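For reference, the structure is listed below as structure tokens.
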Amino acid sequence: MSGPERLDLRPDPGADLEPVLEHLRAGRPLAYPTETVYGLGGAVTRDCVARVQELKGRDARQPLLVLVEDATSVPDLAWTAAARELAEQFWPGALTLVLSDPRGIFPVGVRDEAGGGVGVRVSPHPFVRRLLAAYGLPLISTSMNERGTPPARSGSEAMAVAERMGASDVLVLDCGTLPPSEPSTVLDCTGEVPVLLREGSVPVDRLRCVIPEIHERTRD
């Protein structure tokens, strides 16, 4: 079986995306740059979710997040007043908001089976924004790495990870090397008061300048 494919976009970041869109429409996964690290993802379908979970060695209790073009892309999620204000102030950016999915729009593996939340982010990375605009639908995403190893920060690292995974169906979109970055900050906005799940690139003090009531998750 042949290995993963690589599309080198470094010479021409504005290259035709039709081969990438065909890959997405066929339900196959992509590795691509984000504002933090290279991600692994694809179309929001049960099959693609299952394949990405398989490659990462994780199950539906560890849901994937969703990258969207803007907040209007997911109107059927439950937007609290705090979530709307945070999205307005910090998107595009490295802030993931977990929103309730009361209508079950997203499949399990994206929607948290226990709490019913879906992690959503608008990436500021120019390639991701161009890809989402061309595709017209959200993309699932998780970091491009094997369990217990640092995420890929370059196309060559992403290719090496895909090869070690035996991911012959992955298309690696090589946009070069990303600068060092913390992961996204994650806020649970399924309730009226947001709860900090992970502090990352966006400090919680900045978030509290907008929503002072942000709580921190209690640990057992």
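Once fully extended, how much extra length lies between residue 201 and residue 58, figured as 0.36 nm per residue of separation less the alpha-carbon to alpha-carbon distance? Please list the in-between numbers first.
Working: separation 143, 0.36 × 143 = 51.48 nm, distance 2.42 nm.
Full-extension gain reported as 49.1 nm.
With every protein chain left in place, what is the accessible area per residue of the chain in square angstrom, probe 1.4 Å? Present the calculation step by step, with values, prior to reporting the outcome.
Numbers: 10440 Å² over 220 residues.
About 47 Å² of surface per residue is accessible.
When Rg is the radius of gyration of the Cα atoms in the stretch 154-200 and Rh is its Kirkwood radius, what does Rg/Rh come to? It would help to have the intermediate numbers written out before the result.
On the way: Rg = 16.3 Å, Rh = 13.4 Å.
Radius of gyration relative to Kirkwood radius: 1.21.
Run the numbers for residue 209 and residue 78: contour at 0.36 nm per residue of separation, minus the present Cα-Cα distance, in nm. Each step should come with its number before you reach the end.
Details: separation 131, 0.36 × 131 = 47.16 nm, distance 2.29 nm.
Going from the current span to full extension adds 44.9 nm.
For the stretch 173-220, take every pair of Cα atoms, bin their distances at 10 Å starting from 0, and report each bin as a whole percent.
25, 42, 20, 13, 1
Run the quick spin-label model on residue 108 and residue 182: label points 7 Å from Cα toward the beta carbon, then report their separation in nm to one decimal.
Output for this residue pair reads 3.4 nm.
Could you tell me the extents of the stretch 69-119's C-alpha atoms along the three principal axes, largest first, rounded to whole Å?
Rounded to whole Å, the extents work out to 29, 19, 18 Å.
Rounded to the nearest 500 deg cm²/dmol, what is the calculated helix-only ellipticity per residue at 222 nm for the chain, with -39500 (n - 2.57) per DSSP H run of length n ≥ 4?
Values: 6 runs with 55 residues, N = 220.
Dividing the helical sum by the residues of the chain leaves -7000 deg cm²/dmol.
If Lys and Arg each add +1 and Asp and Glu each add -1, what is the summed charge of the other residues whose beta carbon sits under 14 Å from the beta carbon of residue 16?
-3
With the full set of protein chains in place, find how many percent of the accessible area of the stretch 1-123 is carbon and sulfur; take the probe as 1.4 Å. Intermediate results must be reported in sequence, preceding the final value.
On the way: 2540 of 5500 Å².
C and S fraction of accessible area: 46 percent.
Show me, for the stretch 95-105, the HN-Hα J-couplings you get by feeding each phi into the Karplus relation (A = 6.51, B = -1.76, C = 1.60, θ = phi - 60°), rounded to Hz, glycine and proline as x.
Here the 3J(HN,Hα) series is 10, 9, 9, 8, 10, 5, 10, x, 8, x, 5 Hz.
Can you give me the long-range amide H partners of residue 143? Hydrogens built in the peptide plane at 1.01 Å from N, cutoff under 5 Å, separation of 5 or more residues or another chain.
When sequence neighbours closer than 5 places are left aside, the close amide H contacts are 40.
Could you state, as a whole-number percent, how many of the C-alpha pairs of the stretch 14-101 are farther apart than 16 Å? Before the final figure, lay out each step's value.
Details: 2401 of 3828 pairs.
Above the 16 Å cut-off, the stretch 14-101 has 63 percent of its Cα pairs.
Per residue of the stretch 196-202, what does 6.51 cos²θ - 1.76 cosθ + 1.60 with θ = phi - 60° give for ³J(HN,Hα)? Whole Hz please, x for Gly and Pro, Karplus curve as stated.
Here the 3J(HN,Hα) series is 6, 9, 7, 8, x, 4, 9 Hz.
Just want the answer: with Cβ charges of +1 for Lys and Arg and -1 for Asp and Glu, which residue in 38, 93, 135 is farthest toward the dipole's positive end in the chain?
Among 38, 93, 135, the one farthest towards the positive end of the dipole of the chain is 38.
Please give the Cα centre distance for the stretch 167-218 versus the stretch 75-97, rounded to the nearest Å.
12
Which whole-percent values make up P(r) of the chain when all C-alpha to C-alpha distances are grouped in 5 Å steps starting at zero?
Using 5 Å bins, I get a P(r) of 1, 7, 15, 20, 21, 17, 11, 6, 2, 0, 0 for the chain.
Could you work out, for the stretch 86-145, what percent of all Cα-Cα pairs fall into each 10 Å distance bin, beginning at 0 Å and stopping at the bin that holds the largest distance?
Here the calculated profile for the stretch 86-145 is 20, 46, 32, 1.
Taking 45 Å as R0, compute the FRET efficiency from the Cβ-Cβ separation of residue 163 and residue 192 and round it to 0.05.
0.45
Assigning unit charges at the beta carbon (Lys, Arg +1; Asp, Glu -1) and nothing else, what dipole magnitude in debye, to the nearest 20, does the chain show about its Cα centre?
Working: 23 positive and 31 negative charges, 54 e Å.
That gives a dipole near 260 debye.
Each residue of the stretch 146-157 in order: what ³J(HN,Hα) in whole Hz does its phi give by Karplus 6.51 cos²θ - 1.76 cosθ + 1.60, θ = phi - 60°, with x for Gly and Pro?
Values, residue by residue: 8, 3, x, 10, x, x, 5, 10, 8, x, 5, 5 Hz.
The values are calculated or read from the model by the stated rules, or taken from the named source; none is laboratory data. What you are looking at is a predicted structure, and each value in this text was computed from that prediction instead of being measured. Every residue, glycine as well, gets a Cβ built from its backbone with ideal geometry; the counts of neighbours run over all protein chains shown. These accessible areas exclude ligands, DNA and RNA; they are computed on the full protein's heavy atoms, side chains included. Shrake-Rupley method; radii C 1.70, N 1.55, O 1.52, S 1.80 Å.
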